[in-house]
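The values are calculated or read from the model by the stated rules, or taken from the named source; none is laboratory data. No experiment lies behind these values; they were computed from the predicted model shown. For neighbour counting, all protein chains shown are included, and Cβ atoms are generated from backbone atoms with ideal geometry for every residue, glycine included. Keep in mind that these areas ignore ligands, DNA and RNA; they rest on the heavy atoms of the full protein, side chains included. Shrake-Rupley method; radii C 1.70, N 1.55, O 1.52, S 1.80 Å.
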Amino acid sequence: MRVPDITLPPIIASIASKLPATPPTLALVTALNQLVKRGVLPAEMELLAGKRFEVDVLDAGIKLRFAADEARFSVDQSTQAPDLRFAANLADLARMMLREEDPDTLFFNRKLVIEGDTELGLIVKNLLDSVDWSDTPLARFMAV
Amino acid sequence: MPKLPELVCPAGSLPALKTAIDHGADAVYMGLKNETNARNFAGLNFDEKSATAGIRYAHDKGRKVLMAINTFAQGVDISRWQRAVDQAADLGVDAVILADLGLMDYASRRHPNLRLHMSVQSSATNYEAVNLARDLFGVQRAVLPRVLTLDQVGHVIRHTDVEIEVFGFGSLCVMVEGRCLLSSYATGESPNTHGVCSPAKFVRWEQNGNTTSARLNDILIDQYGQNEPAGYPTLCKGRFEVQGDTYYALEEPTSLNVLEMLPQIIDIGVSAIKVEGRQRSPAYVAQVAKTLREAIDTAGREMQRFSVKPAWQAALGKLAEGQQQTLGAYNRPWK
Amino acid sequence: MTALNLKLTLGPILFFWSRDEVFKFYEEAAGWPLDTIYLGEAVCSRRQQLRTSDWITLAHQLADAGKDVVLSCQALLESESDLKRLRKLVENGRVRLEVNDLGAAKLARESGIPFVAGTHMNVYNSSTLALMQRLGAYRWLPPVEMDRSTLAAILATQPELETEVFAWGRLPLAFSARCFTARHYNLKKDDCQFKCLDYPDGLQLATREGAGFLSINGIQTMSDGCHALLPHLAEMDAMGVTAVRVSPQSAHTAEVVAAFSAVIAGTQSANASMESLKGKHAGEAVDGYWCGTAGIINTGDTLHASA
């Protein structure tokens with residue numbers, strides 16, 4: 001299964017940006033916490049503690065803002081600037097998550113914007129890379 | 001058919017290791033989560049548990065695992081590096097890749113049966129250097145820095161019985177490995193001392209209108225327009241001013257790619273082809289391993305008749321830094 | 001101010017100077033207060049204003065004049081002709097060698113010639129240092145990026161070799177197969193037209209904001225700043241350093257040597273000596289490496305270290 005090469009039409013972004021971002025963010029942090037708890041996501045939480053993150057899905061007009069403490073992830077309701085921001089179109093984010101595409105490749109091609117604390121960006125990227133999906137039901141979705 | 005060089009792929013994580021094996025690597029190289037290896041990046045590399053799992057995975061499929069302990073032990077207390085060698089031996093790796101002569105000395109005495117590879121960071125660019133490491137420590141393979149022409153690589157091979165490994169694909173060091181202090185000049189940390197080059201904690205990206213600026217410890221390395229391909233903010237790949245000209249004064253953001261030279265590489269008797277990129281993702285490892293596996297096998301079969309398939313070139317081109325590729329020093333005109 | 005027990009050495013010329021300039025330089029240097037003179041082509045095989053035999057003759061002449069002389073070998077040895085020139089140096093029969101490549105160490109060892117393990121030998125720890133000694137090194141230079149606390153720890157184990165510190169000049173930071181000077185002129189390395197002759201102290205590489213950063217010297221990349229450890233000589237002496245090295249520059253080397261000599265003799269303060277050299281070196285004075293930080297930094301420690 002390959003992610004098709006599409007960009008969402010601008011109308012989606014203009015609608016989505018008016019919707020509250022909390023539900024998708026909540027889903028994301030719940031999933032992350034589950035993965036940490038089950039030991040699938042080998043997060044060294046002390047490296048992430050106290051940091052704010054933003055995933056900006058450009059063509060969907062959705063910004064997912066979350067934070068981490070020593071033990072878990074939570075929805076970030078604050079208005080403070082994130083320590084780390086990833087921004088890309090939905091298809092490219094999906095490719096990255098499903099390991100069809102290397103984040104560095106997307107970055108070289110300027111399809112992925114990484115802003116803020118560069119070292120934190122590297123920690124997160126390496127964290128995603130080190131998840132062994134073969135132990136999870138998600139394995140069948142992964143490209144590699 | 002001539003003897004094919006081993007395909008040696010990078011593994012920065014357990015998924016990358018499995019991916020490399022699944023896509024045709026004959027061997028993978030990995031490092032521990034500390035400054036004993038030259039890709040000492042936050043969140044990358046192996047601990048005891050993942051290393052054990054990785055080695056088992058590789059050995060079950062008849063492939064090899066090499067452990068890179070390729071920084072230079074610092075000062076008087078070098079026990080961390082020695083422990084890393086002991087740990088590698090205990091884990092049952094197929095070889096350790098060492099840069100520091102003192103550490104090679106330790107490994108050869110303490111673990112006489114542990115196979116030693118001389119890291120590219122040892123800067124062995126001629127057969128006398130390689131043979132010294134063989135005579136002193138019984139080194140069985142040397143990885144050559146990316147500074148020799150293909151003829152010079154052949155010359156080294158003809159004058160030593162040590163196996164020779166060369167780089168085949170990945171981000172290019174334009175400097176002799178092990179002899180580049182640019183990173184520490186700007187940041188205080190270098191590959192030799194800390195296992196890092198242009199470390200992330202010193203990198204700052206600044207967005208100013210449509211221009212992205214990359215700074216390393218405040219030193220401006222490069223600026224990119226909106227759709228200009230970017231590279232790592234590695235010092236040697238920045239744009240600088242020399243006598244009023246602003247250009248890539250040392251090297252473009254580019255990747256080495258030896259596809260078109262594979263028949264010659266096989267012909268001169270190279271023992272292994274190494275892929276750079278332990279810091280890259282499993283997706284990269286998969287695509288490079290698969291492409292090079294196919295290309296090496298095809299080159300071995302076809303030799304003189306070999307031609308590079310456009311699909312391989314496209315697959316690798318996409319992954320290349322700055323989306324540019326070069327034959328590097330192997331091809332004389334590059335110099 | 002007290003006199004220091006440090007020897008003073010002159011490193012090999014790292015830049016490409018004309019034959020006449022080289023001879024003139026050593027004619028003068030023969031009269032400077034130096035304990036050891038290193039000479040030879042250490043950087044680029046294409047620099048042949050003096051052939052290997054010329055360097056050997058010059059070295060023997062200086063030795064005849066009572067100088068302690070060491071022939072420095074090329075650091076990056078790639079081709080058979082590089083090795084051929086190296087063998088010639090090894091067979092010079094009289095003068096010791098500074099080696100900057102493992103292959104050179106091998107040949108020196110096999111010929112039983114005591115050698116100096118140069119900064120590019122990557123001796124970062126006491127075990128590797130002990131190994132160098134077993135191979136025949138009688139002196140070593142730490143890598144220029146090694147800080148004072150690491151060096152002090154190594155010296156506290158009282159190695160039997162002499163220790164020399166690169167203490168003045170543009171820092172040799174990197175070697176490449178590519179010639180960056182030729183690249184600047186869009187020339188191939190094999191047809192470089194010897195452009196390096198026009199840049200007797202290197203060619204400045206600045207950031208896009210105009211800040212001096214590096215210096216291009218053919219296949220070598222150097223710092224734009226001048227590594228200036230003159231204010232740190234007292235601590236070197238205290239930790240057991242044997243000798244300090246001044247790296248030649250196209251002008252004012254005599255004054256630099258005189259300033260070091262005065263501080264070592266205890267006749268001038270480090271501050272006054274640094275002051276006397278203002279405007280007489282390339283780039284900014286830097287000492288970050290010695291102080292354990294980025295090499296490009298001038299820590300300011302420079303001003304009170306031995307005041």
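On the accessible surface of chain B, probed at 1.4 Å, how many percent belong to carbon and sulfur atoms? Walk me through the numbers on the way to the answer.
Values: 4820 of 10750 Å².
Roughly 45 percent of what the probe reaches on chain B is carbon or sulfur.
Under the rule a/c < 1.5 gives rounded, and otherwise a/b versus b/c splits prolate from oblate, where does the stretch A:10-143 land using the Cα gyration tensor?
On the way: a/c = 1.35, a/b = 1.13, b/c = 1.19.
It comes out rounded by the Cα gyration axes.
On full extension of the chain, what length is gained from residue C:27 through residue C:198, given 0.36 nm per residue of separation minus the C-alpha to C-alpha distance?
On the way: separation 171, 0.36 × 171 = 61.56 nm, distance 2.20 nm.
Gain on stretching residue C:27 to residue C:198: 59.4 nm.
Charges on Cβ only, +1 for Lys and Arg, -1 for Asp and Glu, centred on the Cα centroid of chain C; of C:242, C:175, C:66, which one is farthest towards the dipole's positive end?
Positive-end residue among those listed: C:175.
Which distance in nm do the two modelled labels at residue C:160 and residue B:305 give, with both placed 7 Å along the Cα-to-Cβ direction?
With each label point 7 Å from Cα toward Cβ, the separation is 6.4 nm.
Roughly how many Å² is the accessible area per residue of the stretch A:10-143, as a whole number, for a 1.4 Å probe? Mind showing how you got there, number by number?
Working: 6370 Å² over 134 residues.
Solvent-accessible surface per residue comes out at 48 Å².
From the residues B:203, B:225, B:246, which one has its Cα farthest along the dipole of the stretch B:194-247 in the positive direction, the dipole being from +1 and -1 charges on Cβ of Lys/Arg and Asp/Glu about the Cα centre?
Checked the options; the winner is B:203.
Any number yet on Rg/Rh for the stretch C:162-307, C-alpha, Kirkwood?
Rg divided by Rh gives 1.01.
Which percent, nearest 5, of DSSP beta bridges in chain C are antiparallel?
Restricted to chain C, the bridges split so that about 35 percent are antiparallel.
For the peptides C:128-141, B:116-129, A:57-70, what is the packing order when you average, over each peptide's residues, the other Cβ atoms within 10 Å and list the highest mean first?
My ranking of the peptides, most packed first, is B:116-129, C:128-141, A:57-70.
Which FRET efficiency, nearest 0.05, do residue C:19 and residue B:294 yield, Cβ-Cβ r, R0 51 Å?
According to the calculation, E is roughly 0.40.
Taking H placed 1.01 Å from N in the peptide plane, check which residues at least 5 places from residue A:73 or on another chain put their amide H under 5 Å from its amide H.
So residue A:73 has HN proximity to A:33.
From the phi of every residue in the stretch B:66-75, what ³J(HN,Hα) in whole Hz does the Karplus formula 6.51 cos²θ - 1.76 cosθ + 1.60 yield, where θ is phi - 60° and glycine or proline is x?
10, 9, 7, 10, 10, 9, 9, 4, 10, x
Provide a whole-number value for the mean count of partner chain Cβ atoms within 10 Å of the Cβ atoms in peptide C:92-105.
3
I'd like the mean, over residues of B:104-116, of how many other protein chain beta carbons sit within 10 Å of each residue's own Cβ.
Across B:104-116, the average partner-chain Cβ count within 10 Å equals 1.
Report, in debye and to the nearest 20, how large the dipole of the protein assembly as shown comes out about its Cα centre when Lys and Arg carry +1 and Asp and Glu carry -1 on their Cβ.
1580
Of the listed peptides C:67-77, B:56-66, A:81-91, C:229-239, what is their order by residue-averaged count of other C-beta atoms within 10 Å, with the highest listed first? If you can, show how the numbers build up before the last one.
Details: C:67-77: 24.1, B:56-66: 17.1, A:81-91: 18.8, C:229-239: 20.5.
Per-residue Cβ counts within 10 Å, averaged per peptide and sorted highest first, yield C:67-77, C:229-239, A:81-91, B:56-66.
Provide the buried accessible surface between chains A and B in square angstrom, both chains summed, 1.4 Å probe, rounded to the nearest 100.
Adding both sides of the contact gives about 2600 Å².
Run lengths n ≥ 4 of DSSP H only: what is the helix-derived mean residue ellipticity at 222 nm for chain B, with -39500 (n - 2.57) per run over all residues, to the nearest 500?
The per-residue figure over chain B is -10000 deg cm²/dmol.
What average number of partner chain Cβ atoms lie no more than 10 Å from the Cβ of the residues making up B:241-252?
5
Can you run phi through the Karplus equation (6.51, -1.76, 1.60; θ = phi - 60°) for the stretch B:252-257 and list ³J(HN,Hα) in whole Hz, with x for Gly and Pro?
Residue by residue, the stretch B:252-257 yields 6, x, 8, 10, 6, 8 Hz.
In Å², what does the accessible area per residue of the stretch B:194-247 work out to with a 1.4 Å probe?
Per-residue value: 42 Å².
State whether the stretch C:163-233 is rounded, prolate or oblate according to the following rule on the C-alpha gyration tensor (a ≥ b ≥ c being the square roots of its eigenvalues): a/c under 1.5 gives rounded; otherwise a/b larger than b/c gives prolate, and the remaining case gives oblate.
Details: a/c = 2.62, a/b = 1.72, b/c = 1.53.
Prolate is the answer for the stretch C:163-233, as a/c is 1.5 or above and a/b outweighs b/c.
Which one of A:42, A:116, A:98 is farthest out on the positive end of the charge dipole of the stretch A:10-143, using unit charges on Cβ (Lys, Arg +1; Asp, Glu -1) and the Cα centre as origin?
A:98
Provide the percentage of antiparallel DSSP beta bridges, counting only those with both residues in chain B; round to the nearest 5.
Bridges in chain B are about 35 percent antiparallel.
May I ask for the accessible area buried between chains C and B, both sides summed, probe 1.4 Å, to the nearest 100 Å²?
Result for this pair: about 5800 Å² buried.
Kindly write out, for the stretch B:137-142 in residue order, the coupling ³J(HN,Hα) from the Karplus curve 6.51 cos²θ - 1.76 cosθ + 1.60 (θ = phi - 60°), rounded to whole Hz, with x marking Gly and Pro.
Each residue's phi maps through the Karplus curve to give 10, x, 4, 9, 8, 10 Hz.
Rounded to the nearest percent, how much of the accessible area of the stretch A:10-143 (1.4 Å probe, protein heavy atoms only) is carbon and sulfur? If you can, show how the numbers build up before the last one.
Numbers: 3910 of 6370 Å².
Reported share for carbon and sulfur atoms: 61 percent.
Using helices alone, what [θ] at 222 nm do you get for chain C, with -39,500 (n - 2.57) per DSSP H run of 4 or more residues, divided over all residues and rounded to the nearest 500? Mind dumping the intermediate values first?
Working: 11 runs with 100 residues, N = 307.
Using -39500 (n - 2.57) per qualifying helix, the result is -9000 deg cm²/dmol.
To check you understand DSSP bridge types, tell me what percent of the beta bridges within the protein assembly as shown (both residues inside) are antiparallel, rounded to 5.
Counting DSSP beta bridges with both partners in the protein assembly as shown, the antiparallel share is about 45 percent.
How much net charge surrounds residue B:119 when only other residues with a Cβ under 11 Å from its Cβ are counted (Lys, Arg +1; Asp, Glu -1)?
Summing Lys/Arg as +1 and Asp/Glu as -1 gives -1.
Using the Cα gyration tensor of the stretch B:194-247, with a ≥ b ≥ c the square roots of its eigenvalues, what is the shape: rounded (a/c below 1.5), prolate (a/b larger than b/c) or oblate (neither)?
oblate
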